[in-house]
Each structure stands twice: as C-alpha cells, then as structure tokens.
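The values are calculated or read from the model by the stated rules, or taken from the named source; none is laboratory data. The structure presented is a predicted model; accordingly, all values stated were derived computationally and were not measured. Cβ sites come from the backbone with ideal geometry, for glycine too, and all protein chains shown count toward neighbours.
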Amino acid sequence: MIDKLANSNLKLGIISGGQLGKMLIQEASKWAIATYVLDPDPDCPAKRIATEHVQGDFLDFDTVYAFGKEVDILTYEMENINIEALLQLKADGFKIVPDPQVLALIQDKGLQKEFYQKHNIPTSPFACYENTDAITKAIEEKVFTYPFVQKLRKGGYDGHGVALIHSAEDRLLDGSSMLEKKVEIDKEIAVIVARNDLGEVRCFPTVEMTFDAKTNLVEDLFCPANISGEDVKIAEDLAIKIIENLEMVGLLAVEFFIDLNGEILVNEVAPRPHNSGHHTIESVMTSQLEQMLRAILGLPLGSTNLIMPSVMLNLLGEAGHTGEVRYEGLSEVLSIEGVKVHLYGKHQTRPSRKMGHVTVLADTVENAFEKADKVKNIIKVKSWEK
C-alpha cells in the first residue's frame, strides 16, 4: 500500500457515500488517492468528489464482492453491509480494513455486549431475546423489568431501531433484540481511538455530548469534556482496551454513559469515522479522517493534541420541512469568528435529517458555547416548499 501511495496510484474503495464518505474522500484527495464509492443513491453526497461512483446495493453479495475486487483497499463508513461478501473478499486475499470479523461482531448489538462482558468492560446489565413474545414472557416472569432500552440487534442507526420501554403501554420493536437496563445518566461522553497494524494506538481528546430527547440525535458536543482527569484516563483506557482486544486496525468511536454514581459504562462502538469526531477537522492536530487513513494504510498515527476548544452542532432538517433544501442564515453565521460550516450536499431535507454540521472554535469551551448559541438561533435547514 505504501508503494502505491508513494506512486499516486492507490485505489481506495469506500462502501457508502454519505457525509462520512464525502469527508473521508476530501482528506484522501490531499494524498492523491483515487477514491471509489459504492452507494445505491445516484446523488449521494460523495458522488461529486469521488473518482468513481458505483451505484449499487451494499447489502447485495455480488455487488459488494465485485466492488471490492476493483480496489487496492476497501473500507466502509457505515455498518449495515453484506458481511458475507466482505468475508469472502478477505478469504480471497483482498484487503478490507477494519477486518470484516470485527464488523460482524459490532453489527450485532448483542454480540457487542457479550464482548464487553467477556473482557470485563463495564456496561449496563443486558439480555437478548429472539422476538417480542420472548420479551413479554421475560417481563411476565420478572426476568427483565421496566424500564429498559430495547435495541434491535442489527440494522439500527441514529436512534432508529432503539426504543425506551417504560411500561406495558409502550410498543415493543419487532425483531431479535438486546435489552439493557435503563441507566440513570449524568453525562454522555465519547472517545475516538485509532490503531495501526504496528499496534500503535492514539486517543482523541474526550468529548461530551448532549442529545435531543425526541430524535435521540446529538444536539451538540464540546471538547474537551467537562470531566475530571481521572475520568478521562478511565475512558481512554477502556477505549484502548476495546480496540486492542478486538485486534482492530482502523478508527473506533466509543460512546460512554457516566451514571449518577459516577460509574463510566460503555454504551456502544462504531468502527469508522463518527459524528462525535467532526470537530477534529479544525480543532485537533490530526482529524479523525486523516487518522483513519493513516491507520488503515499502515502509516504512523498523527498527533491528537488539541489546537483549540470547540463546540460542534449538527444541522438537522427543521420540523415540518420536507423537500428541496435551503439554508437560512449562512452569511450571518459565517461572519462570526471561529465558525466553520460543513454542508453535506444532500439536496432533499426532512425533519431531523443530518444535513451538515457547524464547528465553533474559541479560546475556551464557555466562549465557544456563547458563539454556538448565536449560531443555533440563526442558521436553519428548511425546504423551498414551505
């Protein structure tokens, strides 16, 4: 891979061409890497800047297998992929990073929790059930009690496939599920950790997140997190323990709960660039995207020292707005020092759809929040139809 990179003829394949794929391509272009994207959407965000866009279903075995054969190294920016095709590509000698077996474990939220349990990684109590009848029986027999969080074992993302169940009045999700006891949360934090094939590991500064209660999407995050140095060390050590026990090469985002007793619990992980790392593009010496490329290409990992404190806001489609997108307030927010706007290039908006993000930089987190509050009140994602 290094020889191909040095000669500017490396072909990087990326499964899924959403905003994460687009941002990864923007970073890869700095090293003259040719980028190939597989995505079913003929107008996916990454299409405009990829070397080549292959329109196809990433859940179809033949499509994924054929795509993987055409590139030097294959990676992905989402988890819901035909795993059998990736495993076959690996068996046939093609390079997929992170390893498909790691993805197979992370795809299944039940297997994820069992992995934490096996390796003595603190997480909330859980149990797995095949269907709603089995869940109902477990509740009736008091094997599992309210309140709990139900997560479909496969296919969930950005709050989809997740339900908070308070009582028998709440509707259960259909499908094989993992149930976990509801944690009384004080804070939610995340650590992104990278590891290359030489075993070098680096963590990014811990971030703290706030979530929208209705959409279960990140409303904002800030870095550095407002936690003790001791808690930072615990979170980083757990992130390192997970990526090393997975023997994973690549980038891993680890989300944590801190409960009301101050215990740090692993919630879940993602083996790819992550929403909790967007701020690194401007606020850290090496962005999560560059670090991922370094890790999967076998290069030395970059510095993760913080340049400036920051707040990151997701730009979500406004309620009641569906259709061709228009952004209000762009000029006004761009006149504020330290405000960096990223638009993902999605032409159609709908309520709560991720359409972009804004990173706000300042000398302190408090000052960044002052600016971010102004940004929130100014910039809006709407449709032309309204």
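Of the residues contained in segment 163-171, none is found to be surrounded by fewer than 19 Cβ atoms within 10 Å (Cβ to Cβ) and either within 30 Å of Glu247 (Cβ to Cβ) or in contact with a Cys (Cβ under 9 Å, 6 or more places away or on another chain) (or both). Looking across segment 272-300, the residues that are part of a helix (DSSP H, G or I) and hydroxyl-bearing (Ser, Thr, Tyr) come down to Ser276, Thr280, Ser283.
The lone criterion from (1) touching a Leu at 6+ places or on another chain (Cβ under 9 Å); (2) closer than 30 Å to Tyr65 by Cα left unmet by Leu87 is number (1).
Check segment 201-213 and report whether any residue there is over 29 Å from Thr359 (Cβ atoms), part of a loop (DSSP other than H, G, I, E, B) and touching a residue at least 60 places away in the same chain (Cβ under 8 Å). Within segment 201-213 (the criterion being over 29 Å from Thr359 (Cβ atoms), part of a loop (DSSP other than H, G, I, E, B) and touching a residue at least 60 places away in the same chain (Cβ under 8 Å)), the answer is no, since none of the residues qualifies. Residues that are hydrophobic (A, V, I, L, M, F, W, C) and farther than 18 Å from Lys182 by Cβ within segment 107-153 comprise Leu111, Phe115, Ile121, Ala134, listed in sequence order. For segment 86-105, a tally of residues being more than 23 Å from Gly156 (Cβ to Cβ) and of a type in the set (Gly, Ala, Ser) returns 2. Residues in segment 50-85 that are in a loop (DSSP other than H, G, I, E, B), within 21 Å of the chain's Cα centre (by Cα) and over 20 Å from Gly155 (Cβ atoms): Ala50 only. Residues in segment 325-347 that are in a strand (DSSP E or B) and either under 21 Å from His279 (Cβ atoms) or at pLDDT below 95 (or both): 6 in all. Consider segment 80-138 and keep the residues that are under 21 Å from Ile240 (Cα atoms) and among the acidic types (Asp, Glu). The one that is surrounded by the fewest Cβ atoms within 10 Å (Cβ to Cβ) is Glu114. Restricting Val149, Val191 to those that are outside any loop (DSSP other than H, G, I, E, B) and buried (at least 20 other Cβ atoms within 10 Å of the Cβ) reduces the list to Val191. Would you point out the residue of segment 219-237, among those that are aliphatic (A, V, I, L, M) and within 13 Å of Ile192 (Cβ to Cβ), that is surrounded by the most Cβ atoms within 10 Å (Cβ to Cβ)? Checking each candidate, the answer is Leu221.
The set of residues from segment 87-119 being in contact (Cβ under 8 Å) with a residue 60 or more places away in the chain and not aliphatic (A, V, I, L, M) comprises Lys95, Pro98, Asp99, Lys109, Gly110, Gln112, Lys113, Phe115, Tyr116, His119. Of the set (1) within 20 Å of the chain's Cα centre (by Cα); (2) surrounded by fewer than 22 Cβ atoms within 10 Å (Cβ to Cβ), all apply to Gly320 but (1).
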